[in-house]
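The values are calculated or read from the model by the stated rules, or taken from the named source; none is laboratory data. Owing to the predicted nature of the structure, the values given are computational and were not obtained by experimental measurement. Glycine also receives a Cβ, built like all others from the backbone with ideal geometry; neighbour counts cover every protein chain displayed. Please note that ligands, DNA and RNA were not included when accessible areas were found on the heavy atoms of the full protein model with its side chains. Shrake-Rupley method; radii C 1.70, N 1.55, O 1.52, S 1.80 Å.
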Amino acid sequence: MSASGPAAGLSRLDEVACLESMRRGDPTCLGGFFEAWGDRIYRLSLRLTGDPAAAEDVVQEAFLKLMAGADRIEGRSRLATWLYRVAYNASIDRLRELRRTAPLPEEEGDASSPVPALLVDFLSPEEMLEDAETRRALDEAITAVPPTLRAAFLLRDVEGLSTAEAAEALSVTETNLKVRLHRARLLLRERLSAFMAGRRERREGRA
Amino acid sequence: MTCADLVLHLSDYIDGTLAPDERAEAEAHLAGCDKCHLVLDTTQCTILLYRAAESPALDDSRREALLRRLERACRRSDDPL
């Protein structure tokens, strides 16, 4: 797992001291926090909102809150979970503004799993990632997954949070988090399978 | 274990959170079911793909400008009102 927890090199003690100094108006530690968290928050928000300007706003909002309310990060709410929660909530707010529609679909009531329908072999991840068409398909597939499910997938499978941490960041129960994650994985698998099937047909058609 | 059961437990299987007896049942099913094996492989590949895919980061100039704004905001928070 690539990135778990506050990973980015600060011990718990340093973290507390740094948060305290930022709260007193000393930005010395800010660069380090920004280095550790800025891009991670940006990427999460970009994948949730699909909008670079909104994602940049979310990073700014998360850091302003971090500096203003650092004293509230304690105990159960570790820095990683706290930052991801702020970033998730801010992203969902931006998404609502961008869509100007009724509340986003929660996708919570339906606990049934999508049934895998397409059975197509993938290439190796290395081969797939070398292909620009496949990378576009990855972006399109994740954009098509409802944001609440997408967030569960991004936090658990991409950012490497534990089930408990991801559940806390999204303010849902662990059971609910697991349902969302499972649905997201199966939806993504299905979309990528459809892409791979189409790609194979196109290539065979040309041959 | 049926194919539907396997799919239901697929994420727990991938995450290693199945009880030992359920895991053994899942493995027995997977050993004899090519379709479920393919679903497992492609789901694991899906996860690996997103984990390995680079998503765009903030570009350098915007990043720098944002950090400067945050530093100014941090210093101001110390000003007595």
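So which residues in region A:162-177 are of a type in the set (D, E, K, R) and over 15 Å from the mean Cα position of the chain (by Cα), if there are any at all?
Here is the first cut: in region A:162-177, the residues of a type in the set (D, E, K, R) are A:165, A:168, A:174.
Selection gives A:E174 alone.
If we keep just the residues of region A:138-161 that are more than 11 Å from the chain's Cα centre (by Cα) and open to solvent by 10 Å² or more (accessible area, probe 1.4 Å), which is farthest from the other protein chains (Cβ to nearest Cβ)? Can you show your working first?
Narrowing region A:138-161 to residues more than 11 Å from the chain's Cα centre (by Cα): A:138-141, A:143-146.
Next, only the ones that are open to solvent by 10 Å² or more (accessible area, probe 1.4 Å) stay: A:139-140, A:143-144, A:146.
On the way: A:D139: 8, A:E140: 13, A:T143: 12, A:A144: 13, A:P146: 16 Å.
In this case the residue turns out to be A:P146.
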Give me a count of the residues in region A:61-72 that are within 9 Å of another protein chain (Cβ to nearest Cβ) and surrounded by fewer than 18 Cβ atoms within 10 Å (Cβ to Cβ). 2
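If you go through region A:181-197 one residue at a time, how many are open to solvent by 10 Å² or more (accessible area, probe 1.4 Å) and touching a residue at least 60 places away in the same chain (Cβ under 8 Å)? Break it down into steps so the answer makes sense when it comes.
Residues of region A:181-197 that are open to solvent by 10 Å² or more (accessible area, probe 1.4 Å), as a first pass: A:182-183, A:187, A:190-191, A:194-195, A:197.
Filter once more, keeping what is touching a residue at least 60 places away in the same chain (Cβ under 8 Å): A:182-183, A:187, A:190, A:194-195, A:197.
Matching residues across region A:181-197 total 7.
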Note on region A:39-59: residues more than 7 Å from every other protein chain (Cβ to nearest Cβ), farther than 9 Å from A:R94 by Cβ and open to solvent by less than 30 Å² (accessible area, probe 1.4 Å) are A:I41, A:L44
Within region B:31-55, track down each residue that is more than 7 Å from every other protein chain (Cβ to nearest Cβ) and not acidic (D, E). B:A31, B:G32, B:C33, B:C36, B:H37, B:L40, B:Q44
For the subset of region A:15-28 comprising residues that are assigned to a helix (DSSP H, G or I) and open to solvent by 30 Å² or more (accessible area, probe 1.4 Å), which member is farthest from the other protein chains (Cβ to nearest Cβ)? A:V16
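Any idea how many residues of region B:25-81 are assigned to a loop (DSSP other than H, G, I, E, B) and either surrounded by fewer than 17 Cβ atoms within 10 Å (Cβ to Cβ) or touching a residue at least 24 places away in the same chain (Cβ under 8 Å) (or both)?
Going residue by residue through region B:25-81, those that are assigned to a loop (DSSP other than H, G, I, E, B) are B:33, B:53-59, B:77-81.
Right, trim to either surrounded by fewer than 17 Cβ atoms within 10 Å (Cβ to Cβ) or touching a residue at least 24 places away in the same chain (Cβ under 8 Å) (or both) and you get B:33, B:53-54, B:56-57, B:59, B:77-81.
Counting residues in region B:25-81 that are assigned to a loop (DSSP other than H, G, I, E, B) and either surrounded by fewer than 17 Cβ atoms within 10 Å (Cβ to Cβ) or touching a residue at least 24 places away in the same chain (Cβ under 8 Å) (or both) gives 11.
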